[in-house]
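Participant: Could you have a look at this structure, given as structure tokens, before my questions?
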Amino acid sequence: MLLTLMLGWAVAFSTRFVVGENSTYYNPVLSGWHSDPSCIHVNRTFFCATSSFLAFPGIPIYASDDLIRWRLISHVWSRDSQLPGISWNTTASQGGFYAPTLRYYNGEFYVASVYVVSTANIDVFGVVFRSTDPFDLGGWSDPVRFDTSWRIDPDLFWDDDDTLYVATSGVFLQTLDLNTGHMGNPIRIWNGTGGESPEGPHIYKKDSWYYLMIAEGGTALDHAVTIARSKLITGPYTSYDQNPVLTNRGSNEYFQTVGHADLFRDANGNWWGMCLATRSGPEYEVYPMGRETTLFPVTWEEGGWPIMEPVRGIMSGWELPSNNITITGLLNSDPDHYHFDANAEVPLHFIYPRIPPKFVAMTVNGMQIIPTRSNLTGAGQERVELTGQHGIAFIGRPQTHTSFEFSVDLLFRPQAVQEEAGVSIFLTQDDHIDLGVAFLDDVAYTNYTNYHPPRRAGGPRMYFRFQIQSNANNTVSRLIPVPEDWDKYAIRLDITASNTTYAFYASSVLGMDRRIQVGQAPARTVSGGSGSFVGSIIGGFATCNGAGNADSCPHEDIAYVQTWKYVGLGQQISSTDFVESCISMIT
């Protein structure tokens, strides 16, 4: 099917500008971890926000003029001062920002979300950010906080009299004062159709009807979109007798967990929708990128109900908007090719699992990853600085292709047994796959059977370590000594992915003919598990594994990334169809 799909890709992008003809395109349009999309259309430009949970910077904002090429333009949460100390005070492993709603009103952009601090103590609060220019990297305001009483997924809807309403999971409706954060009394306006967890509400007014669209059925294989309507915003709401209006549950489709949708119109008046989906097939076992953003056309006749096209890898629908507006920013599908030096900047799409105690530093030797005492797992520790709650020294970018090549040139001179650096496919602190270089002595080598290098004095010997850290499975797969003549140069660490399998390699930058395959791991290792809401991030890390004091390691100048490359090779869009990345066809 490869040749056919490559031709289809070319045809889709060469004929989609013909007026009056339907378009053909591929899903997901925002590949990689991009869950809970909320999208709007403003002055011929489309904007989308997605969930970020604990990742920092958080709540990415994307812009597009054609609904297909999405460029990252800013993050709503870009500085600790917007919510001082909140990242380090968050105990929930999948806490942080849930399901933002992006809206535009009276010349300003607004993003509403909830921040989950703890699930055990039910510590959740709502926030609204605002900006007059979403392209301004630091232009999003400090938030107005409001009380949601544990309910999540706040929607924003301004009625004709300028009253602002917030709908939340449940489904409840309240007024909100943006100056004070004061909420009116909650009114339960709909229970959904009986599915689990009615959430993700969005309200639209069309043809004198208030339409209330929600997600229900949970976030896994029963996920679905349902809708109701009323003549009054406070209800009563009447459920559509053809619900659910969008779902892939009970099907053999490759795209599963379809739900949490938002609707909007283009400049021609055509309706579109964005929703999350998982490329897992009904087996729901292998989906390392988690929940991604997909596009579907919507038919919505006057006075009627919206009819939504089922989500698949190859879609056909309305004529796509013309890409006649210049939008600057990094395309989500763009490759990485960076050589870091003292004048470099951290790329906009690089993220941390939390706000780290110290950010990376650009130096003449490359991008310095300042190590933390906590390692990637940080489990089983009593001191908070060792748990990872105060941040870990990991920086990465989302995996955005089912097949890719990733490499870094790592300059690493460890000075003690505790010191370690490398690359990781990171889902959560419980689920990640690492290729590390650690300082070990003879005893440490023979006893290297858990994640923490034994703290023994020893000579300057380094070893590659390939490890899967998944729930209770805490095993070392392979240790290989670094060849002696590699010590003088940077070491290249490679990860390649082929849909369901990751392969890890190492070599000397000046000796590529001696490339060593260190190991392999199945992609199911970082699918779901402890990271059911998130997706894989690929990047580099450094740690001293508990040595030092407070938040500081004994040596903080040992790990430098000199070059960083990520190239997407293609996308699996069905159980049988694979699309090669044809960047030249769409630039």
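Participant: What 222 nm value per residue comes from the helices of the chain, counting each DSSP H run with n ≥ 4 as -39,500 (n - 2.57) and dividing by all residues, nearest 500 deg cm²/dmol?
Facilitator: -1000 deg cm²/dmol
Participant: Using only Cα atoms, find the angle between the long axis of helix 2-15 and the longest principal axis of the chain, and express it within 0 to 90 degrees, rounded to the nearest 10.
Facilitator: Its long axis makes an angle of about 50 degrees.
Participant: Hand me the GluC sites (Glu not before Pro) from segment 347-411 located in a DSSP loop with no more than 14 other Cβ atoms within 10 Å, in residue order please.
Facilitator: E382
Participant: Simple spin-label model, 7 Å along Cα-to-Cβ: S532 to T132 in nm?
Facilitator: Output for this residue pair reads 4.4 nm.
Participant: Work out the charge dipole of the chain with +1 on the Cβ of Lys and Arg and -1 on the Cβ of Asp and Glu about the Cα centre, then indicate which of P554, Y62, T168 is farthest towards its positive end.
Facilitator: P554
Participant: Continuing with the same structure: Taking amide H atoms as placed 1.01 Å from N in the peptide plane, list the residues 5 or more away in sequence, or in a different chain, whose amide H sits under 5 Å from that of I355.
Facilitator: Under 5 Å from the amide H of I355 lies no amide H from a residue far enough along the sequence or on another chain.
Participant: Counting only heavy atoms of the protein chains, get the accessible area per residue of the chain (1.4 Å probe) and round it to a whole Å² value. Numbers along the way, then the final one.
Facilitator: Values: 21890 Å² over 587 residues.
With all protein chains present, the chain gives 37 Å² per residue.
Participant: For segment 339-405, which whole-number percentage of the solvent-accessible area (1.4 Å probe, protein heavy atoms only) is attributable to carbon and sulfur atoms?
Facilitator: Answer for segment 339-405: carbon and sulfur cover 48 percent of the accessible area.
Participant: Taking Cα pairs under 8 Å and at least six residues apart, what relative contact order does segment 339-411 come out at, in percent?
Facilitator: 32 percent
Participant: Going by Cα centres, segment 60-86 and segment 135-206 are how many Å apart?
Facilitator: Distance between centres, Cα-based: 20 Å.
Participant: Using the crude model of +1 on Lys and Arg Cβ and -1 on Asp and Glu Cβ, and no other charge, please compute the dipole size for segment 27-150 relative to its Cα centre, in debye to 20.
Facilitator: For this selection, approximately 160 debye.
Participant: Given R₀ = 30 Å, FRET efficiency for S239-L178 by Cβ-Cβ distance, to 0.05? Numbers along the way, then the final one.
Facilitator: Numbers: r = 31 Å, r/R0 = 1.04.
In this case the efficiency is close to 0.45.
Participant: Okay, moving on. In segment 59-175, carbon and sulfur make up what percent of the accessible area (probe 1.4 Å)?
Facilitator: Numbers: 1800 of 3860 Å².
That share works out to 47 percent.
Participant: A further question on this structure: Taking H placed 1.01 Å from N in the peptide plane, check which residues at least 5 places from K206 or on another chain put their amide H under 5 Å from its amide H.
Facilitator: Y211
Participant: Which peptide among 390-400, 64-74 comes first, and what is the full order, when sorted by highest mean count of other Cβ atoms within 10 Å? Spell out each step's value before the answer.
Facilitator: Values: 390-400: 24.5, 64-74: 21.7.
In descending order of packing, they fall as 390-400, 64-74.
Participant: To continue, here is another question. What is the packing order of peptides 296-305, 501-510, taking the mean over residues of other C-beta atoms within 10 Å and listing the highest first?
Facilitator: Most protected by this proxy first, the peptides run 501-510, 296-305.
Participant: Continuing with the same structure: Using only the alpha carbons of the chain, what is the convex hull's orientation-averaged projected area in square nanometres? Could you put the intermediate results ahead of the total?
Facilitator: Details: hull surface 103.5 nm².
Over every viewing direction, the Cα hull of the chain projects on average to 25.9 nm².
Participant: Which of the peptides 318-329, 240-251 is most tightly packed, and how do the rest follow, judged by the mean count of other Cβ atoms within 10 Å per residue? Walk me through the numbers before you get to the answer.
Facilitator: Working: 318-329: 15.5, 240-251: 17.5.
Put in order of decreasing packing, that is 240-251, 318-329.
Participant: Residues with amide H under 5 Å of T501's amide H, sequence separation 5 or more or different chain, H placed in the peptide plane at 1.01 Å from N; which?
Facilitator: A523
Participant: Normalising by the residue count of segment 77-146, find the relative contact order in percent from Cα pairs under 8 Å and 6+ residues apart.
Facilitator: It rounds to 27 percent for segment 77-146.
Participant: How high is the relative contact order of the chain, in percent, counting Cα pairs under 8 Å that sit 6 or more residues apart?
Facilitator: Over the chain, the number comes to 15 percent.
Participant: Under a straight-distance cross-link criterion of Cα-Cα below 30 Å, which lysines are reachable from K358, leaving out those fewer than 8 residues away in the same chain?
Facilitator: K488, K565
The values are calculated or read from the model by the stated rules, or taken from the named source; none is laboratory data. Just so we're clear, the structure is a prediction, and the values are computed from it rather than from any experiment. Neighbour counts run over all protein chains shown; Cβ positions are idealised from the backbone, glycine included. Heads up: the accessible areas ignore ligands, DNA and RNA and are worked out on the full protein's heavy atoms, side chains in. Shrake-Rupley method; radii C 1.70, N 1.55, O 1.52, S 1.80 Å.
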